[in-house]
Amino acid sequence: MPTVAQHYGQSGLLDTITDALRALDKDLDNLTPADLAPIDEFHIRGREATLELAELAAIERGCHALDVGSGLGGSSRFLATEFDCRVK
């Protein structure tokens with residue numbers, strides 16, 4: 001099983017991601033959290049789990065939240081957009 005370092009240490013990963021986004025006709029200068037979700041939320045159960053955890057944490061519009069272990073920041077971007085809150 002590959003380690004996290006092996007996964008993110010692959011050469012050309014950024015090119016692979018940008019090529020895939022271009023193939024989906026995404027505007028790389030105006031990407032949304034929804035555009036990035038397939039590659040941005042690698043945790044178990046993805047977006048569904050992010051929403052459940054936000055509910056459990058009582059995330060509300062305009063709040064401040066801390067995303068510990070944020071990885072690439074997909075959950076942070078989603079929470080900031082979905083709840084209009086500040087995430088660090």
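None of the figures in this text is laboratory data; all of them are computed from the coordinates on show. Since this is a predicted model, take the numbers as computed values, not measurements.
Once you have the Cα-Cα distance between Ala58 and Ser70, take 0.36 nm times their residue separation minus that, and quote the gain in nm to one decimal. Write down the numbers at each step before the final one.
Numbers: separation 12, 0.36 × 12 = 4.32 nm, distance 1.82 nm.
Stretched out fully, the Ala58 to Ser70 stretch lengthens by 2.5 nm.
Convert each backbone phi in the stretch 49-59 into a coupling constant with the Karplus relation 6.51 cos²θ - 1.76 cosθ + 1.60 (shift: θ = phi - 60°), then list the ³J(HN,Hα) values in order as whole Hz, x for Gly and Pro.
5, 4, 5, 4, 5, 5, 5, 4, 7, 6, 5
Between Ala20 and Ala5, what length comes free when the chain is fully extended (0.36 nm per residue of separation minus the Cα-Cα distance, one decimal in nm)? Show your work: numbers first, answer last.
Details: separation 15, 0.36 × 15 = 5.40 nm, distance 2.18 nm.
So the extension gain works out to 3.2 nm.
Provide Rg over Rh for the stretch 4-87; use the alpha carbon set for both Rg and the Kirkwood Rh (inverse mean inverse pair distance). Walk me through the numbers on the way to the answer.
On the way: Rg = 14.0 Å, Rh = 14.0 Å.
Rg/Rh for the stretch 4-87 comes to 1.00.
For Asp67, enumerate residues with amide H under 5 Å from its amide H, sequence gap 5+ or separate chain, H modeled in the peptide plane.
So Asp67 has HN proximity to Lys88.
With θ taken as phi - 60° and the coefficients 6.51, -1.76 and 1.60, list the Karplus ³J(HN,Hα) couplings across the stretch 15-20 in order, rounded to whole Hz; mark glycine and proline as x.
4, 4, 5, 5, 4, 5
Take the chain, connect every pair of alpha-carbon atoms lying under 10 Å apart with a spring to form a Gaussian network, then pick out the residue of Gly62, Gly71, Gly12 with the largest mean-square fluctuation.
It is Gly12.
So what is the calculated 222 nm ellipticity per residue for the chain, using -39500 (n - 2.57) for each DSSP H run with n of 4 or more, over all residues, to the nearest 500 deg cm²/dmol?
Values: 5 runs with 45 residues, N = 88.
Helix contribution divided over all residues of the chain: -14500 deg cm²/dmol.
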